[in-house]
1. Show me the helices (runs of 4 or more DSSP H) entirely contained within region 90-175 in which 2 or more residues are over 19 Å from Gly45 (Cβ atoms).
2. From the list Arg15, Arg11, Arg52, which one is touching a strand residue (DSSP E or B) at 6+ places or on another chain (Cβ under 8 Å) and modelled with pLDDT under 95?
3. Does Val26 count as β-branched (Val, Ile, Thr), touching a residue at least 40 places away in the same chain (Cβ under 8 Å) and farther than 19 Å from Gly167 by Cα?
4. Counting only residues that are more than 30 Å from Pro21 (Cβ to Cβ), buried (at least 18 other Cβ atoms within 10 Å of the Cβ) and not aromatic (Phe, Trp, Tyr), how many does region 83-102 have?
5. Quick check, is Val115 β-branched (Val, Ile, Thr) and touching a residue at least 24 places away in the same chain (Cβ under 8 Å)?
6. If you go through region 161-174, how many residues are touching a residue at least 12 places away in the same chain (Cβ under 8 Å) and open to solvent by 30 Å² or more (accessible area, probe 1.4 Å)?
7. State whether the residues of region 177-197 include one that is within 22 Å of Arg15 (Cβ to Cβ) and in contact with a Gly (Cβ under 8 Å, 6 or more places away or on another chain).
8. Which of the residues belonging to region 39-57 are touching a helix residue (DSSP H, G or I) at 6+ places or on another chain (Cβ under 6 Å) and closer than 19 Å to Leu95 by Cα?
Amino acid sequence: MELREAVLRRRMVRRFDATRPVPPEVLRRVAQLALRAPSAGFSQGFDFVVLRDDADRAAYWSATTDPDAPSNGWLHGVSDAPVLILCCSDRSRYLRRYAEPDKARSGVAGSPWPVPYWDVDTGMASMLMLLGAVDEGLGGLFFGVPADRADAVLTRFDIPEGHHLVGVVALGYAAEDRPSGSTRTRARRPLDEVFHDGSFGVPLH
């Protein structure tokens, strides 16, 4: 499939078919794409924890949800995903890389970074997995972890200190789904509004 076609077909899936596991070879092909993501200084400061076992996925949902909360349709659909991938960034890899001789002259190693590229690059790697999932006939969803539950997830899955949980990719075969409430009520912004030609506010022609 051409990349453009995969992008045009890409949309978040919120309901998964719990009866159809993702074949290991398919998951491996999707995972391999993350390794091709760009990263600042080729630091590659991302790690991914793949949860395929029922017990591991149940542990994730237990760590991030309140069992006494009212029923949640979003949670019901997403918790059927047979694969969860915890997407973690590692700031320390960037600090070490930019302290090396060929990068030290950039001057960013010992000062605050204007943009946390460890998180940006992890997001890029996650997007490549989502596009690969479309190419494989899978559905996918990227979602965040509640801020007050992130530490519990890091601890439960032995994720080393210093790693930041950027989000989670859910993968699986899509169940009958419908667009989210947001996409039903909000139109996609047009290209000429989002892209600016030479100066902000000038539509791209």
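The values are calculated or read from the model by the stated rules, or taken from the named source; none is laboratory data. As the structure is a computational prediction, the values presented were derived from the model and not from experiment. Please note: Cβ atoms are built from the backbone with ideal geometry, for glycine as well, and neighbour counts cover all protein chains shown. All accessible areas refer to the heavy atoms of the entire protein, side chains included, with ligands and DNA or RNA removed. Shrake-Rupley method; radii C 1.70, N 1.55, O 1.52, S 1.80 Å.
1. On the way: elements: 91-97, 101-104, 117-135, 150-156.
Correct list: 117-135, 150-156.
2. Numbers: Arg11 fails: touching a strand residue (DSSP E or B) at 6+ places or on another chain (Cβ under 8 Å); Arg52 fails: modelled with pLDDT under 95.
Being touching a strand residue (DSSP E or B) at 6+ places or on another chain (Cβ under 8 Å) and modelled with pLDDT under 95 holds for just one of Arg15, Arg11, Arg52, which is Arg15.
3. In short, yes.
4. Of the residues in region 83-102, the ones more than 30 Å from Pro21 (Cβ to Cβ) are 91-102.
Still in the running and buried (at least 18 other Cβ atoms within 10 Å of the Cβ): 93-94, 97-98.
Now restrict to residues that are not aromatic (Phe, Trp, Tyr): 93, 97.
Summing the residues that are more than 30 Å from Pro21 (Cβ to Cβ), buried (at least 18 other Cβ atoms within 10 Å of the Cβ) and not aromatic (Phe, Trp, Tyr) in region 83-102 gives 2.
5. Values: β-branched (Val, Ile, Thr): yes; touching a residue at least 24 places away in the same chain (Cβ under 8 Å): no.
No, not satisfied.
6. Going through region 161-174, the residues touching a residue at least 12 places away in the same chain (Cβ under 8 Å) turn out to be 162-174.
In the following step, the residues that additionally are open to solvent by 30 Å² or more (accessible area, probe 1.4 Å) were identified as 162-164, 166, 173-174.
The qualifying residues number 6.
7. Initial filter on region 177-197 (within 22 Å of Arg15 (Cβ to Cβ)): 177-186, 188.
Now restrict to residues that are in contact with a Gly (Cβ under 8 Å, 6 or more places away or on another chain): 177.
The answer is yes, given that some residue of region 177-197 is within 22 Å of Arg15 (Cβ to Cβ) and in contact with a Gly (Cβ under 8 Å, 6 or more places away or on another chain).
8. Start the filter on region 39-57 by keeping residues that are touching a helix residue (DSSP H, G or I) at 6+ places or on another chain (Cβ under 6 Å), which leaves 39-41, 43, 45-46, 51.
Within region 39-57, Ser39, Ala40, Gly41, Ser43, Gly45, Phe46 meet the criteria.
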